[in-house]
Amino acid sequence: FIKLTFLSVSEQVVIFNIGNIPSQYYKVFGEKDAEGFRDKTIFALVLIVSEAFIKSTNTYVTSVLYITWRGEITRRVHDLYFKDVLYYSINVLSDLDNPDQRITMDIDRLCNSFSLMFAPLILSPFTIAYYLYKSVQSTSYLGPVGVISFFFVATVINKFLMSPVVDYVFKREKMEGNFRFKHMQMRVTAESAAFYRAGKIEKAKANHKLMKLLKTQQKLVAREYALNFSINMSDYLGSILSYVLLAVPIFHGLYDGLSPSDLSVLISKNAFVIIYLINSFTSLIDLSSKVTDVAGNAHRVGEFIEELQKLQCEQPTSRSYVDHTNISAHDRQSIALSELNIVSDSSTGAENQSRGTGNSNQSSGAGNLQAPQRALTVNNLTYRPPKSKDILCKSLSFHMESGVNILVTGDSGCGKSSLLRVICGLWPKANGSVDLHQPYDPGSILFLPQKPYFTDGSLRQQVSDRLIIVLSTDEDKMTTLLTKAGLDRLLIRTQGIDVDLDWNWYDELSPGEMQRLSFVRLFYHQPPFAVLDEATSQIGLDAENEMYTMCGELGITVLSVGHRASLRQYHNMELILKRGDNWTLQPITDQSNHIADYD
């Protein structure tokens, strides 16, 4: 800010001296002063070089200021956006359009436009005050009064023309976001759409979004036409106004005592003062077009921040995090992988798993750890989709404790995944309570959602789900886990777990590989509890058996949502959900494999 102010002031000083050069040339020409002409030319060249340097530096500093502002504002928005699960709430539960565009594009345009306005806005009061004083000296009070009156009329007209432009800038950004989102959606669903040969319908929908955008842009351009006409009119009228204001004292004989040469010098000097004063005012008028961009984008960014703050205040407060365990995540992860013994035979490992994961292998390290007794307690819980009055489940009560695996079943749409959203705090509850007795972190309780989650980066980052690599010995651990999960070929494809890959993991992995890799993440963190939502729906029965058996080997108690009958053998209790208050929690007595029922 200080550098920009200093540069802008320096630029005004140089411009003032450059503006006086023509009058000085008139004088040396009138006097035929060759030596004076040489001196003035050298001085003019020095001023021009100085102005070029200052103007370029000013542009550079303005750009740096824009980048700094964008970084600062975006980071602050990120602090709020990524806090808790606000990113989920504003993308899924809120009616606000295109949050991603508001972060990536609207903040950028806001900072860029305002950085271009910043220096003129800061210096204009001082520049105008100085040139008002100089114009009073040259034209008495007629010059300042005429210029201020001209500026006032132009400002009123532009203010009237700006209001509809601001509204349509806001609408244009919204339509731009919708159009861009349509193409982003197509990129994400390209394979599914290709199977359906959905090109024609997607083209029609994309063209529809495009037409809405173009109509909005056309309306914006029509409203900008009147504003641009007013701005251009002000610019050119200003140049004539300077001579009109100078004509009054000249034709009234105020300068009759001057020679033609001296009068030319005076006219040139005073014309520059008045023209630059008018230019200072018209520069503010010219900012009208930038003001519309700033106002439109500022409205969208402000609306976004207000919505985040509103959602933050509305975050559910029914969850309580009471840590009843004395076993740290580091202790739980200290089980030697060499002691793991995954049994593929359903008649052995599966039977052990069905009796409770915490006691499935007493000879292993997991069996020697005393896991926390309770993960969560659901008491008299009633829940429904946000903004809906349709009750999914009423008065539900159960608890999850170590060694007792729970399978949640029911018809599609009965609220199984919705229950997990309420437990996780993504959805508010209608009534009752959900108490988590474990810290919400991967080392205590880990959720595997129905759609696997992956971020950009290396294979290690997909497994560890951490920004900082904790242990150098993790490579052997991860390699062992990936091999046991049947992902040894993935190690070859990635050329190592630490290679930073420019991959979209959702495009590179099959659905089955994504689910296996999610289990590798679970085994790596090795929490005492895990919540699995259709976590094995894309893998075969043998792989499913290996995943659940390994959960038992590691002492992980699970709450699973699923439709497969084969899942029953890995669980102790079954929670059957039906719409309304009709739900049942009962022991699972049939431990058969139910392969015949698998579809």
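The values are calculated or read from the model by the stated rules, or taken from the named source; none is laboratory data. Just so it is clear, the structure is predicted and the values come from calculations on it, not from any experiment. FYI the Cβ positions are ideal-geometry reconstructions off the backbone, even for glycines, and counts take in every protein chain you see.
Here are the numbers for the structure shown:
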{"read-out": "Search result, residues across segment 493-517 that are exposed (fewer than 13 other Cβ atoms within 10 Å of the Cβ), more than 17 Å from residue 448 (Cα to Cα) and of a type in the set (S, T, N, Q)", "value": "495, 504"}
{"read-out": "Qualifying residue in segment 503-519 (condition: of a type in the set (A, V, I, L, M), in the same structural domain as residue 463 (by TED's automatic domain parsing) and more than 28 Å from the chain's Cα centre (by Cα))", "value": "no"}
{"read-out": "Selected residue [touching a helix residue (DSSP H, G or I) at 6+ places or on another chain (Cβ under 7 Å) and in the same structural domain as residue 168 (by TED's automatic domain parsing)] from 231, 240", "value": "231"}
{"read-out": "Among the candidates 135, 115, residue that is small (Gly, Ala, Ser) and under 23 Å from the mean Cα position of the chain (by Cα)", "value": "115"}
{"read-out": "Some residue of segment 368-376 being closer than 24 Å to residue 511 by Cβ and either modelled with pLDDT under 90 or surrounded by 22 or more Cβ atoms within 10 Å (Cβ to Cβ) (or both)", "value": "no"}
{"read-out": "Verdict on residue 465 being at pLDDT 85 or above, surrounded by fewer than 20 Cβ atoms within 10 Å (Cβ to Cβ) and in contact with a helix residue (DSSP H, G or I) (Cβ under 9 Å, 6 or more places away or on another chain)", "value": "no"}
{"read-out": "Some residue of segment 532-552 being crowded, with 24+ Cβ neighbours inside 10 Å, touching a strand residue (DSSP E or B) at 6+ places or on another chain (Cβ under 9 Å), touching a residue at least 40 places away in the same chain (Cβ under 8 Å) and assigned to a strand (DSSP E or B)", "value": "yes"}
{"read-out": "Condition met for residue 589 (surrounded by fewer than 20 Cβ atoms within 10 Å (Cβ to Cβ), within 30 Å of residue 381 (Cα to Cα) and among the β-branched types (Val, Ile, Thr))", "value": "yes"}
{"read-out": "Neighbours by Cβ (under 7 Å, 6+ apart or cross-chain): first from segment 554-571, in the same structural domain as residue 407 (by TED's automatic domain parsing); second of a type in the set (D, E, K, R) and in a helix (DSSP H, G or I)", "value": "561/416; 565/597; 566/544"}
{"read-out": "Total residues in segment 31-71, condition loosely packed, with under 12 Cβ neighbours inside 10 Å and outside any helix (DSSP H, G or I)", "value": "1"}
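Each row is one residue, and each column tells you yes or no for (1) in contact (Cβ under 8 Å) with a residue 60 or more places away in the chain; (2) crowded, with 18+ Cβ neighbours inside 10 Å; (3) of a type in the set (Asp, Glu); (4) not in a helix (DSSP H, G or I).
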{"residue": "218", "(1), (2), (3), (4)": "no, no, no, no"}
{"residue": "239", "(1), (2), (3), (4)": "no, no, no, no"}
{"residue": "254", "(1), (2), (3), (4)": "no, no, no, yes"}
{"residue": "296", "(1), (2), (3), (4)": "yes, yes, no, no"}
{"residue": "304", "(1), (2), (3), (4)": "yes, yes, no, no"}
